[in-house]
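Read the structure below first, then the notes.
The values are calculated or read from the model by the stated rules, or taken from the named source; none is laboratory data. What you see is a predicted model; the values in this text were computed from it and never measured. All Cβ positions, even for glycine, are placed from backbone atoms using ideal geometry, and neighbour counts span all protein chains on display.
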């Protein structure tokens, strides 16, 4: 029959062997799981990468549209500025022409103005008095 020291030594050897086997098994399982995760991650990233690429295409297109709208807006601002200047010039010219058309008009104070009056008859009446 083996002695206690021999049994203790044998138990220690078995524990060490067991620890080594468990460590190797755990290491193999973890390594396998990591490999699977890496494969899944690589294949799982493909749809995400495609989505990112589509977003980049959309952003490029939207940037182009924004540039186009900005260009058109600047052109419209310039056209609006030209039209406002032209409008002011035409208003000034109309005021001048209205003033010129009243240049030879005579205004007589104290004579009431009525709708549809005969101006020539009123002037004759005033000049005869």
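Take residue 79 and decide whether it is modelled with pLDDT of 85 or more and surrounded by 10 or more Cβ atoms within 10 Å (Cβ to Cβ). It is true that residue 79 is modelled with pLDDT of 85 or more and surrounded by 10 or more Cβ atoms within 10 Å (Cβ to Cβ). Contact annotation: residue pairs with Cβ atoms under 8 Å, 6 or more positions apart or on different chains, pairing a residue in segment 1-20 that is at negative phi with a partner that is modelled with pLDDT under 80 and not in a helix (DSSP H, G or I), are 10/2. In this structure, is residue 52 free of Cβ contacts under 8 Å to residues at least 60 places away in the same chain and either in a loop (DSSP other than H, G, I, E, B) or surrounded by 10 or more Cβ atoms within 10 Å (Cβ to Cβ) (or both)? Here the answer is yes, as residue 52 does meet what is asked.
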